[in-house]
Each structure stands twice: as structure tokens, then as C-alpha cells.
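Just below is one structure, and these are the notes that go with it.
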């Protein structure tokens, strides 16, 4: 089983304070890894480090066998890493269809793009994605005019259009209804295998549906790692979540 | 000026004179930028009309002296009050509504600048006006080879006084503490009951007042005309931005800029000196956008 | 089928351009006044400058207060080219203003301008090259918003001082007045003729149509995406600084065209082309007309300038007060300018289109 993402002894420190502390983490190809932990555990920072938004103080990050530590965001993205943000980020003054067209980013050279209309390319993929996220009827609507749920779907759609090998999803079901959450878990389950996913989440029911392996972070380090049942019953985990029902309660 | 006269060779005495004049220039830029530092540092507002507040201060002083006969020295604090009040009006009427839109604040204040310049032109005409400064300030101090006009010395010390007063207000008074709290963290300050809206209004007024009094001071040096403000706004901004929106930063920047300008101008001339200075600042800002003193925020 | 706004219909937009330029093209045939044609030709230049601002700001999200840099550099380049067309290598090789400044020989930087083709290349090339370098400097450092605005302003100020000061090279505040009209391909472009008007209008039309077409390509969509959210664009794999620099340089190219045509019309260039006030006025035209509409910006520039000249000399100050107030109102309430109001109004016209 090939390792698609590998973090080796990664530390991110602000002066003396270590947000991520000698953290090591490996995700296999095709796996769906859930990254859990209370606020401040270092989850989002880890995502930032992987995608290049922040620079690690020490340690290495490897993607698909190649070192990506310290690379610029767009270079990492081009290698096949896609990210969905906690607060949905779409292009507000572009239509839904233009949002997706931009997400179809196989060709990123500005001059080549000057001689293309971009209307036909990837149309099949776009149609597929549109149906998947249910925005076929909202094509002409501006990104900024969508409801919160629709914006989430659009961003998911954009990441799907981008078609990366590794998808990093930061709280994808935040603000979603029961139904939408169900739909998301279906999509994720379809994606894994062909692609790899790392999902940061708080909704335990959702995590149960999708996770192959869970990594529980605490104070910038790994507290526990393994399949759900294992982590749930780990005594150290129970100790940290003193008095509560273990991590099942963590929301 | 021919090509051959471009470069002035080094000579100790005129050079020392240039260094001293540099201090004077620094003090002028500092006091011009002081109000803007407060406004930008506290509120993040980029007030493109700042130069025009300076101009208003100058014209207030002129009107008071010419039409009412108030002595020059007295026009200084009065100009502060007049322009401070005007600034308060501008904040209430316009700036207040644009706090979450910094770019639009920049543009809207440019509109204010335009309106102010042209209104003054309408009322007073475009010809330069002269102010009558007290005779004891019109002479030149001569010590050996050093020639410095007394007015420049006066402005220098007045600038220092204003900076000291501003420091005192910011660090010793209740109001100052509130301003600094809002400067650092608006939301947190609000949870302590600090009404940032009120703070902003008074702060903007204070910053405008500082511009007003500096305008009044400058009447002692040069003639006044409607678009005189334009000559200060770019320099003032560069002082503020390079200084990081921090009072100490502005003092340091103004000092460095003033001296550098004087030295460059000594060797070449005024306009070329300005050109080199601007280029250096642009390069500096590219590598350290947060300014001189702010804690180093490496991008990632 | 879905209810949509006719304003966004691409064919309707091209139709408007067709009518607009068509009507403007006919004007000389209805008049017989070379002097007026010279005046009208200037409006083409104002349109080009507004186009430059709209492209970079409205579509790229980059507020540049220094488009005048490209305008001024190109104007000086054209001025030098035209001046050297007049000079004779044997009998009269040195422009008179240089002789007044006690220069004995033509400065090396002026030498290339003996050749008209080279001169034109420099007139366009130097501003574009500068904008590429300056753009890279700013955008690689991820500077944005007001910061970029201030830096472009400071840079403009620096170049103004340069032009003002380097008297032997630029004739300082007097400016360069090439005595003869511009000549290319054996044709003399008489600044007081129908021809100059059509040249100006032609360049404006060419630039507008090219930019509009460019904005409809994938590049145009990506650039607008970057305007809305540069970070999101980065995570999709786009090199944002590169795109911003290319766009910025394009804006500079458009402003350079304006500078070249301006000197063709006015036979004069001085540091006023690099005036801070002028560069910010271009932004006012685009803002009031509508920065997210190429047509709006161009129309705004022409309308404001026309009103300015209509108002006459005595009322200039009053006019600017009004303009200033209008500008403040637009910034506060109408981010899309009057084009935005028009868009709103057109929205009431019944119009449906197939989905997407």
C-alpha cells in the first residue's frame, strides 16, 4: 500500500509556543483519514502546513513520494492536493458555472489561457460534478448570492472539478442539514479508493460513516491513531476527555 | 542647470549644514505625518484628505490673521481646534460608514480632498497668500558656518513638543489607554465597555487637529495655496506606512527620511533627491511591508 | 429557461460597442472643423486611460493610482521620437531645449530615437517592462489593496520628480514640443484633421475590443476569480502573482497607447502627464462610469471631460466640487458606478435565456 502523504516530525512554533509539536502522520493511498481533536489541537495548522499556507518550523512533508516542504501553495495544488476550507470560499462575483470552469485548472499558464474560451473544456467533468452537488439549476447565479449550504456544495464541486489525488476537507459538513450530511458521506465514500482524503471534522456520526482511520490530535501531537473502535476505547483518550463519554461527545 | 552642475562635491561645512536642515525637514514631515499616524495606527483609515487638513490649518491661520488680526502664535492652537472640529464632522458624516472598506475610504477621502481644494479655490482664489510671522522668527541663526532660519528651529521644537504631548495622551490618560486598546483589539476592547465609535470620532478629530496645527506652523515657512496639501500627503503616507503605523516608527522614519533626503539633495538636488528616496522606500516596503518596528511577521 | 438580465447578454454588449464606435466614427463627416477634430481626438485618449483603470481595477481588483506612469513614459518616448523626426542629423542634430541647457551633444539615451521604429518600440516597451518589474515586486510580496495603491502613487511621484528635474533630458517643466507632426510609413498624421480623430478612435476601438475579447477567455475568468479570492485561486493551482503582473502590464500597455496617441494629437509632453492629480482623476472616471464595465468607464471618462469643457473656465472650480461630491456618493453608495444603476434598470426588461 503506497503512502500518499507523509509528515515526518513536523513542528510549527510561534516563538516558544508549539502549535504542532513533532507531529508525524502518514496516509495511505486511497484511504480516508479523519483528523480529530478539540479546538487548538493543531488540526487546521496541519492542513495549512500541508497545503503551503504556513511554513513548518522543522520537519518534512512528502506528497506522492516527493518533498513538498516549503513549496508555494499553487505548486502544491498543481501536484494534486486540493483543499476545502472551513469557511466556504468561492468566487463571489463569478457565476456558478464560471466558478467551476476556473476550478478546472489543468492548464494554468496565463498566456495559453488567453487563447482559450474555457467553455467547452472539461464539460463532461463539469456536468458530472454539477449533478453530484445538485447545482444544475443555479448555473447563472453569482457565487455571492448562494445560500450557505449551496456555497458549501459549490466549493465541494470546485474541489471535485479540480480532481486532486489528495483532498483535504476542513469541516465539510458545518452548517449542513441531516440530509446534506448524508449526501456528503456518500460522496466521500465514493471518492476514496481512487483518491485519498483527509477530513477534519467534529460530527462524530459523520466520522463513523466515512473514516477508515482516525488520528486524534491533542496539543499539537498525536494522542491516538487507528480505526474508530480502537481510538474510542483508548484509555489515554478517555483520560483527556475526562468525565465525558470519550470522544463520542466531542463536538 | 546643465549636466555638469548635477553633482555637488563634498565639503564639510555645507554638508553639516545640510545635516542640520535634514533635522528640520524630518521634523516637518514628522509633524505632518503625526495626525495620520494616529488615524492610521488606531483606525486603519487611509485619509487621502490629510494634506487638505494641513491646508485648512494653514488657511485658518491666514484668515484669522488677515481678517481678524489674531497674532500668528495664537493662530496655531486655534487652527488645531478648527480643523479638529472639521475632522470630527468628516468622520461622522463619511468615514464612519466605510470602516470595513479600506480601499473605499482611500477613494472617498480623495473625493473630500478634491472638494476641499476646489472649495478653497472658489472662496479665496488660487493665488498664493502670505502670512506675517513674528519678526523675531524671521531671522536666521548664524553660528560660525551654520545658517538656520529661526522659524525652522521653532518648528523643530514645536514638533517635538507635539510628539511628546501625543505620547503623553496615549500612554498617560484614560482616553489614551482606550485608544491603544482599540488599536490592538477592537472586539476585546468592546467587551470591556469601550465604545469604539466614540473613540474613533475623537481620535480622528485629534489627528485632524494635529494636521491643522502643522498647517498653521508651515505658514511661517512658505506661502499657502489651495493645493499645497498635495505636497505633503505622499510623504506623510510614506512616513506612516514605513513606520508601521506606530508613533515611534513614524518618528524614526521621519528622522531617517529627512536626513536621507537632505543628504541626497545636497549631492544632487531636491527633485532627484526625492526620486531616490521614493525608490528606496518602495524597495523597503516590498521587503518589510509591516514597517520598521512592528514585530517581524514573516509571511508564513 | 431562466429569467436573466439583458445587461449581461454578450451579443447585446457587442451590439452596444458596435453602435457606439459606429456613431463616433461618423462624427467627422458631419463636421468640417479641423480644430474641433483635434479636441475630440483627445477624448479617445481619456477613454483609453479609463479603459486601462477599469481593466486592472474592476476586473483585476488592483487599484493602481499610477497608470500615469505608463502614460507619461510612453508620452515622453513619443515626444522624443517626434522630436528626432524633426531634427536633421547633419545640420540640426540637437533639439533646441538641450542647446539652452548647454548640452554639446545628443545624450546617449536619446540616440535610439533617431530611428522612428526603434523610438516607438521604446515608447511602448519601456513602460511595459517597468510595469512588469514593478508588478512582480509588489505581487510576489503579496501586497494588495490600499498598499498597492499607495505604492503606485509614490512611484508616480518619483517619476514626476524625475521628469521635472532632468531638464537636459526631458526639458523639465517646459516640456518637449516637437515642432512637426508625426510621420509614419510616409504618411503625415496632421493633428488638425479628420485623420487624427480616426486614429485616436481607431486605437480606442481596437484596444476596447481586444480587452473585451480577452476578458471573455479563460484568462479573463481566472483574473476575475483572483480578484474575488486570490487565496482560493492559489489552492486551485494558479500562480496568482504571475497573473496579476501580466494583467498589470497589460493595463500599462493600454495606458502607453494613450500616451503615444496623446503626443500625436497635442505635439507636447511635459511632467503634467505624470501628475498625481491626473492619475487619480482617471480612477474617478472609471469609478463614476462603472469600473466593472469597460464601456461604462470609457463613457464616464468622455462624459466627465465633456462636461468639464462645457462648463467653461470660470466655473472649473465649481465643477470639480460637484465632481468630488459625486465621486464620494458613488464610492459610498454605488460601487459599480452609473453602469451599475444602468444594469439595475435594464434588469426590468423581460429577458430569458437558456440555463448557464
**Report entry** Every residue from region B:108-132 that is in contact (Cβ under 8 Å) with a residue 40 or more places away in the chain, crowded, with 17+ Cβ neighbours inside 10 Å and either part of a loop (DSSP other than H, G, I, E, B) or at the interface with chain C (Cβ under 7 Å from one of its Cβ atoms) (or both)
**Finding:** B:110, B:112, B:118, B:121, B:131
Report task. Mind listing whichever residues of region A:58-73 are more than 14 Å from residue A:24 (Cα to Cα), surrounded by fewer than 22 Cβ atoms within 10 Å (Cβ to Cβ) and either modelled with pLDDT of 95 or more or within 14 Å of chain B (Cβ to nearest Cβ) (or both)? Result -> A:68, A:70, A:71, A:72
Report summary line: Per the filter on region C:78-100, residues surrounded by 16 or more Cβ atoms within 10 Å (Cβ to Cβ) and within 14 Å of another protein chain (Cβ to nearest Cβ) are C:97, C:98
Query raised in the report: Which one of the conditions (1) crowded, with 23+ Cβ neighbours inside 10 Å; (2) free of Cβ contacts under 8 Å to residues at least 12 places away in the same chain does residue B:271 fail to meet, given that it meets all the rest?
Result: (1)
Query - The one condition in (1) more than 14 Å from chain C (Cβ to nearest Cβ); (2) crowded, with 20+ Cβ neighbours inside 10 Å; (3) under 26 Å from residue B:117 (Cα atoms) that residue B:251 fails to fulfil - result: (3)
Report summary line: Filter region C:154-168 for residues that are within 21 Å of the chain's Cα centre (by Cα) and more than 7 Å from chain B (Cβ to nearest Cβ); the one that is surrounded by the fewest Cβ atoms within 10 Å (Cβ to Cβ) is C:159
Query - Some residue of region A:163-172 being under 21 Å from the mean Cα position of the chain (by Cα) and under 20 Å from residue A:123 (Cβ atoms) - result: yes
Report task. Please give the number of the condition residue B:245 fails out of (1) at positive phi; (2) out of contact with any helix residue (DSSP H, G or I) (no Cβ under 6 Å at 6 or more places or on another chain). Result -> (2)
**Report entry** Matching residues in region A:122-140 - criterion: being buried (at least 18 other Cβ atoms within 10 Å of the Cβ), assigned to a helix (DSSP H, G or I) and within 14 Å of another protein chain (Cβ to nearest Cβ)
**Finding:** A:126, A:129, A:130, A:138
Requested in this report: Could you tell me whether residue B:100 is part of a loop (DSSP other than H, G, I, E, B) and surrounded by fewer than 23 Cβ atoms within 10 Å (Cβ to Cβ)?
Outcome: yes
Report summary line: Across (1) under 18 Å from residue A:50 (Cβ atoms); (2) crowded, with 19+ Cβ neighbours inside 10 Å; (3) under 13 Å from the mean Cα position of the chain (by Cα), residue A:216 clears everything bar (3)
Query - For residue A:159: the one exception among (1) surrounded by 20 or more Cβ atoms within 10 Å (Cβ to Cβ); (2) under 22 Å from residue C:220 (Cα atoms); (3) touching a residue at least 12 places away in the same chain (Cβ under 8 Å); (4) more than 13 Å from the chain's Cα centre (by Cα) - result: (4)
Report summary line: Taking region A:96-116 and keeping residues more than 8 Å from every other protein chain (Cβ to nearest Cβ) and surrounded by 16 or more Cβ atoms within 10 Å (Cβ to Cβ) leaves A:96, A:100, A:104
Requested in this report: State all residues of region A:22-57 that are within 14 Å of chain B (Cβ to nearest Cβ) and either part of a strand (DSSP E or B) or more than 22 Å from residue C:236 (Cβ to Cβ) (or both); if no residue qualifies, say none.
Outcome: A:56, A:57
Query - Pairs with Cβ under 7 Å, 6+ apart, first in region C:139-153 and facing chain B (nearest Cβ under 7 Å), second part of a helix (DSSP H, G or I) and at pLDDT below 85 - result: C:141/B:286; C:145/B:102; C:146/B:102; C:150/B:237; C:150/B:241; C:151/B:282; C:151/B:285; C:153/B:234
Query raised in the report: Does region A:141-156 hold any residues that are surrounded by 19 or more Cβ atoms within 10 Å (Cβ to Cβ) and farther than 22 Å from residue A:31 by Cβ, and which are they?
Result: A:143, A:146, A:150, A:151, A:152, A:153, A:154, A:155
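One line per residue, one yes/no per condition, for (1) touching a helix residue (DSSP H, G or I) at 6+ places or on another chain (Cβ under 8 Å); (2) surrounded by 21 or more Cβ atoms within 10 Å (Cβ to Cβ); (3) under 30 Å from residue A:72 (Cα atoms):
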residue: C:70; (1), (2), (3): yes, yes, no
residue: C:103; (1), (2), (3): yes, no, no
residue: C:119; (1), (2), (3): yes, yes, no
residue: C:126; (1), (2), (3): yes, no, no
residue: C:133; (1), (2), (3): no, no, yes
residue: C:137; (1), (2), (3): yes, no, yes
residue: C:170; (1), (2), (3): yes, yes, no
Requested in this report: State whether one or more residues within region C:271-283 are over 13 Å from the mean Cα position of the chain (by Cα), assigned to a helix (DSSP H, G or I) and surrounded by 21 or more Cβ atoms within 10 Å (Cβ to Cβ).
Outcome: yes
Query raised in the report: When you look at residue B:199, is it crowded, with 24+ Cβ neighbours inside 10 Å and either more than 14 Å from every other protein chain (Cβ to nearest Cβ) or modelled with pLDDT of 85 or more (or both), yes or no?
Result: no
Report task. Return the only residue of C:296, C:312, C:337, C:324 being surrounded by 14 or more Cβ atoms within 10 Å (Cβ to Cβ) and away from chain B (no Cβ under 14 Å). Result -> C:296
Query raised in the report: Do we have any residue at all in region B:65-84 that's more than 17 Å from the chain's Cα centre (by Cα), at pLDDT 95 or above and within 16 Å of residue B:199 (Cα to Cα)?
Result: no
Report task. Test residue C:67 against the stated conditions and say whether it is in contact (Cβ under 8 Å) with a residue 40 or more places away in the chain and touching a strand residue (DSSP E or B) at 6+ places or on another chain (Cβ under 9 Å). Result -> no
Report summary line: Here the residues within region B:92-104 that are more than 8 Å from chain C (Cβ to nearest Cβ) and either touching a helix residue (DSSP H, G or I) at 6+ places or on another chain (Cβ under 7 Å) or over 21 Å from residue C:321 (Cα atoms) (or both) are B:92, B:95, B:96, B:99, B:100, B:101
Query raised in the report: Does residue A:27 qualify as being touching a residue at least 12 places away in the same chain (Cβ under 8 Å), over 24 Å from residue C:222 (Cβ atoms) and surrounded by 17 or more Cβ atoms within 10 Å (Cβ to Cβ)?
Result: yes
Requested in this report: Return yes or no: is residue C:270 touching a residue at least 12 places away in the same chain (Cβ under 8 Å) and touching a strand residue (DSSP E or B) at 6+ places or on another chain (Cβ under 8 Å)?
Outcome: yes
Query raised in the report: Can residue C:234 be described as more than 25 Å from residue C:53 (Cβ to Cβ), within 14 Å of chain A (Cβ to nearest Cβ) and part of a helix (DSSP H, G or I)?
Result: yes
Requested in this report: Might you check whether a residue that is part of a helix (DSSP H, G or I), closer than 30 Å to residue C:345 by Cβ, in contact (Cβ under 8 Å) with a residue 40 or more places away in the chain and touching a helix residue (DSSP H, G or I) at 6+ places or on another chain (Cβ under 8 Å) occurs anywhere in region C:26-42?
Outcome: yes
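The values are calculated or read from the model by the stated rules, or taken from the named source; none is laboratory data. Please read these numbers as outputs of a predicted model, since none were measured by experiment. Every residue, glycine among them, receives a Cβ derived from its backbone with ideal geometry; neighbour counts consider all protein chains shown.
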